[in-house]
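Each remark here refers to the structure printed beneath this line.
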Amino acid sequence: MRFDVVIIGGGWAGCSAAEKLVEAGRKVCIVSEGLSLSAVKYDSPYARLAALQKQGAVVLRGDRAVCGKIEDGKVVEVRTRNQDEPLVADEYILATGKFFSRGLLSDKDHVWEPVFGADVDYDPDRTKWYDPDFDAPQPFMKFGVKTDAEGHVLVEGRAIVNLTAVGDIRND
């Protein structure tokens, strides 16, 4: 399937990006595995995605991006759990969030981004991932994919020129 933009993640950031792109006349596909907390703002959990669908966006509800293929510093396709054909676009937006939405995964030794293998900013010392005081700000909440100054996602230290991260972006 061919689009102008494929957005991976149908939460607040993904839908906000999709709204602007659809308004600009772009052919947009949103891969949205489940509900997000942003859905609480609307009358029904899927209202925002449904509105985007009515405006012409293709919404793959209940689907999950499982891998992205990168060649020569560009994403060339994304595969999902439920689609037989790859999703092909000029641009890709990563809006999967962090741990609670499974945009980042971890084991006892490291943290990773599961679709593109993007570089992740985290402390390799696991004892610094959390604060034992439950009410304290938790360090793992600052973990995220690494980007360049323009928001392009980094993979093995190289910017992927057609893959942009959106959401809680920090330039600490």
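Within region 131-148, the set of residues being in contact with a strand residue (DSSP E or B) (Cβ under 9 Å, 6 or more places away or on another chain) and either within 14 Å of Lys74 (Cα to Cα) or in contact (Cβ under 8 Å) with a residue 12 or more places away in the chain (or both) comprises Phe140, Lys142, Phe143, Gly144, Val145, Lys146, Thr147.
Exactly one residue among Lys108, Lys98 is surrounded by 15 or more Cβ atoms within 10 Å (Cβ to Cβ), of a type in the set (Lys, Arg) and more than 22 Å from Val28 (Cβ to Cβ), and that residue is Lys98.
Close contacts from region 62-84, counting a first residue that is at negative phi and a second that is aliphatic (A, V, I, L, M) and part of a loop (DSSP other than H, G, I, E, B), with Cβ to Cβ under 8 Å and a gap of 6+ residues or different chains, come to Ala65/Val115; Val66/Val115; Cys67/Val115; Gly68/Val115; Val78/Val115; Gln83/Met1.
Checking every residue in region 59-79 against the condition of being over 17 Å from the mean Cα position of the chain (by Cα), loosely packed, with under 13 Cβ neighbours inside 10 Å and at pLDDT 95 or above gives at least one match.
When region 157-172 is filtered for residues that are farther than 17 Å from Ile8 by Cβ and either surrounded by 13 or more Cβ atoms within 10 Å (Cβ to Cβ) or over 18 Å from the mean Cα position of the chain (by Cα) (or both), the ones remaining, listed by number, are Gly157, Arg158, Ala159, Asp172. Would you confirm whether any residue within region 21-33 is at pLDDT below 95 and part of a loop (DSSP other than H, G, I, E, B)? Yes, region 21-33 contains at least one residue that is at pLDDT below 95 and part of a loop (DSSP other than H, G, I, E, B).
The values are calculated or read from the model by the stated rules, or taken from the named source; none is laboratory data. Owing to the predicted nature of the structure, the values given are computational and were not obtained by experimental measurement. Neighbour counts run over all protein chains shown; Cβ positions are idealised from the backbone, glycine included.
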